[in-house]
Amino acid sequence: MSSQITAYVALVCTSGVLNLYLCLYAFVKRYYYTNISNLFIFYTVSITIYCFGSAFGLMATTLEQIKFWTIIEYIGMPFAPPLGLLFVMRYLGMKIKKKWCIALLVLPFVTFVMVATNDFHHLFYRKLEVDPILGVPYIHQEIGIWYMIHGVFIFSCMFVAFLLVLSNWKETAKVYRPQLISLMCGQLVPMLTAFLYLIGMTPPGIDPVPMVLWLSSLLYLWSIRSSRMFTIMPIAKDAIFNSINDGVIVLDESYRVIEYNHSCKKMFPQLTKSMFGMDFDDVWCVLSGDSFPFELDTTEFSREIELTANQSTFIRFVLQYCSMLITVKVY
């Protein structure tokens, strides 16, 4: 085995091991976030199978071995993009109907059957042979009609998943955006790599996608460790946060405003997202025309304050402060 192939195998195996770790981690923690754990487990399992199938294919010494490991790859590869899309949809708080799952997974199953039986119909690969110049394990292939259908489908799944995450960027608090970055890269990295492969800008005869999946896996790991991915889902959190009847303002460690809910916006129409990052005293001065009457510290307290809102409505409320939350209750 050449040093170049050894390097390829090492990268692919790294991707496989990282995805296997993510799968086992989600399985162990599945009871903490049952809403999305199953989809993430299946998603990472499919990528793991894809990566290890590709790695063994790179170590193959005959065309028959390459064909066999290609079939193993396709137990996982065609299912990964739709499972990734379903995972993103669930993560963003979208309701997923059972018929949607079935519809998205039918075509990958057909793709697997097409690859497994390709020698009988050649609808997926019109030609699949050892590259006459580079030799094993490099392959020369001519794609068939079902390969093109499969390609459009998986690109569409990844692109839609990417757009769904991107569309929620502005509505997500900055503290949770690292999670969205990892999700976007998880779709963008394989999508761009596959596109470069199809237009011939990657090493010939080798599928480069499994070699770069370690990057998206590392981003998932980073997001899980740094921003409690899965434990706190920004969109699901927002739905609960904005359903609270009491007004809530969230502060960071320096007492700067980082978020507020819909109820608080109704109480104080002057609140805008441009105030994110401003010191709470400055924001309070804008809202009330006066400085905040108490010192903010880590001690819990409850104070009654009277304000006139909107220059006409007299509001009497109890302000409760605990950690980094300012809760406003109207009476």
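The values are calculated or read from the model by the stated rules, or taken from the named source; none is laboratory data. Quantities reported herein were computed from a predicted structural model and do not represent experimental measurements. All Cβ positions, glycine included, derive from the backbone under ideal geometry; neighbour counts span all protein chains shown. Protein only, heavy atoms only, side chains kept; ligands, DNA and RNA dropped before computing areas. Shrake-Rupley method; radii C 1.70, N 1.55, O 1.52, S 1.80 Å.
Structure above, values below:
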{"quantity": "Which numbered condition TRP146 misses (of (1) assigned to a helix (DSSP H, G or I); (2) within 25 Å of the chain's Cα centre (by Cα))", "calculated": "(2)"}
{"quantity": "Residue in the stretch 163-176 that is farthest from LEU219 (Cα to Cα), counting only those that are without any contact (Cβ under 8 Å) to a residue 40 or more places away in the chain and of a type outside the set (Gly, Ala, Ser)", "calculated": "LYS170"}
{"quantity": "Some residue of the stretch 4-14 being part of a helix (DSSP H, G or I) and over 19 Å from PRO204 (Cα atoms)", "calculated": "yes"}
{"quantity": "Residue in the stretch 194-215 that is farthest from CYS51 (Cα to Cα), counting only those that are open to solvent by 20 Å² or more (accessible area, probe 1.4 Å), of a type outside the set (A, V, I, L, M) and in a helix (DSSP H, G or I)", "calculated": "PHE195"}
{"quantity": "Selected residue [exposed (fewer than 13 other Cβ atoms within 10 Å of the Cβ), out of contact with any Asp or Glu (no Cβ under 6 Å at 6 or more places or on another chain) and either among the acidic types (Asp, Glu) or assigned to a loop (DSSP other than H, G, I, E, B) (or both)] from LYS99, LYS95", "calculated": "LYS95"}
{"quantity": "Residue satisfying condition, being touching a residue at least 40 places away in the same chain (Cβ under 8 Å), open to solvent by 40 Å² or more (accessible area, probe 1.4 Å) and touching a helix residue (DSSP H, G or I) at 6+ places or on another chain (Cβ under 8 Å), within set LEU180, LEU218", "calculated": "LEU218"}
{"quantity": "Top-ranked residue of the stretch 259-275 - restricted to ones that are surrounded by fewer than 17 Cβ atoms within 10 Å (Cβ to Cβ) and closer than 30 Å to PHE87 by Cα, ranked as modelled with the highest pLDDT", "calculated": "HIS262"}
{"quantity": "Qualifying residue in the stretch 162-169 (condition: within 18 Å of the chain's Cα centre (by Cα), more than 17 Å from ALA80 (Cβ to Cβ) and not in a helix (DSSP H, G or I))", "calculated": "yes"}
{"quantity": "The lone exception for LEU134 - which of (1) part of a loop (DSSP other than H, G, I, E, B); (2) touching a strand residue (DSSP E or B) at 6+ places or on another chain (Cβ under 6 Å) it fails", "calculated": "(2)"}
{"quantity": "Hits in the stretch 1-15 - residues which are among the aliphatic types (A, V, I, L, M) and either open to solvent by 40 Å² or more (accessible area, probe 1.4 Å) or out of contact with any Ser or Thr (no Cβ under 7 Å at 6 or more places or on another chain) (or both)", "calculated": "MET1, ILE5, ALA7, VAL9, ALA10, LEU11"}
{"quantity": "Count - residues of the stretch 19-74 that are under 16 Å from the mean Cα position of the chain (by Cα) and closer than 20 Å to MET158 by Cα", "calculated": "15"}
{"quantity": "Matching entry among LEU58, LEU18 (being among the aliphatic types (A, V, I, L, M), in contact with a helix residue (DSSP H, G or I) (Cβ under 9 Å, 6 or more places away or on another chain) and open to solvent by 20 Å² or more (accessible area, probe 1.4 Å))", "calculated": "LEU18"}
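Residue by residue, here is whether (1) closer than 30 Å to GLU171 by Cβ; (2) part of a loop (DSSP other than H, G, I, E, B); (3) among the β-branched types (Val, Ile, Thr) holds:
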| position | (1), (2), (3) |
| --- | --- |
| GLU64 | no, no, no |
| THR70 | no, no, yes |
| ILE75 | no, no, yes |
| PRO82 | yes, no, no |
| PHE87 | yes, no, no |
| VAL113 | no, no, yes |
